[in-house]
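Right, one structure below, let's go through it.
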Amino acid sequence: MDAALPAKELETLNEVMDQFSSDTATLGDLRTRVAGMRHYASIRLLVPGDWTIEQGHDLVASLTDTIVKRLPHVQVDVHITPHNRSGDLDWVTT
């Protein structure tokens, strides 16, 4: 049966997410699991609707690079949602 990542890894992920969150980009809805020897993290990224694909990609690349440097065994998936998609914001607690 799958379980969440260990507390220390969750703490590291939250530290990195805090580092990358800003007034324009919000990170949240962290979901993690351990399946056998594999560790997974899924993160939602809320960005302005007028951002280019390149801006979103660059932020995701920096975020995932930072996570992988600190937690090389964790496979990271980041889902980008634009601000103007109000139905997708249930996870945001501001």
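Suppose each label sits 7 Å from its Cα in the direction of the beta carbon; what would the Leu30-Ala4 distance come out to in nanometres?
Here the modelled spin labels are 1.0 nm apart.
Please compute the modelled spin-label separation between Gln55 and Met37, points set 7 Å along Cα→Cβ, answer in nm with one decimal.
4.2 nm
Could you work out the local net charge near Asp18, counting Lys and Arg as +1, Asp and Glu as -1, over the other residues with Cβ closer than 14 Å to its Cβ?
On the way: positive: Arg70; negative: Glu11, Glu15, Asp23.
Value of the local net charge: -2.
Using helices alone, I'd like the mean residue ellipticity at 222 nm for the chain: each DSSP H run of four-plus residues gives -39500 (n - 2.57), total over residue count, nearest 500.
Values: 2 runs with 32 residues, N = 94.
About -11500 deg cm²/dmol.
Could you state the angle between the C-alpha long axis of helix 53-70 and the longest principal axis of the C-alpha atoms of the chain, as a value from 0 to 90 degrees rounded to the nearest 10?
The two axes meet at around 20 degrees.
Normalised radius of gyration for the chain, please: alpha carbon Rg relative to 2.2 N^0.38 Å, two decimal places. Each step should come with its number before you reach the end.
Details: Rg = 13.4 Å, N = 94, 2.2 N^0.38 = 12.4 Å.
Scaled against compact globular proteins, the figure is 1.09.
May I ask for the net charge around Ala61, where only other residues with Cβ less than 14 Å from the Cβ of Ala61 are counted and Lys, Arg are +1 while Asp, Glu are -1?
Numbers: positive: Lys69; negative: Glu54, Asp58, Asp65, Asp77.
That sum, taken over residues with Cβ under 14 Å, equals -3.
When the chain is fully extended, how far beyond the present Cα-Cα distance does Arg70 get from Asn84, taking 0.36 nm per residue of separation? Show your work: numbers first, answer last.
Details: separation 14, 0.36 × 14 = 5.04 nm, distance 3.23 nm.
Value of the extension gain: 1.8 nm.
What angle do you read, to the nearest 10 degrees and between 0 and 90, between the alpha-carbon axis of helix 7-20 and the longest principal axis of the chain?
20 degrees
All of the numbers you see were taken from the coordinates with simple rules; none came from a lab. Note that this is a predicted model, so its numbers are computed, not measured. All Cβ positions, glycine included, derive from the backbone under ideal geometry; neighbour counts span all protein chains shown.
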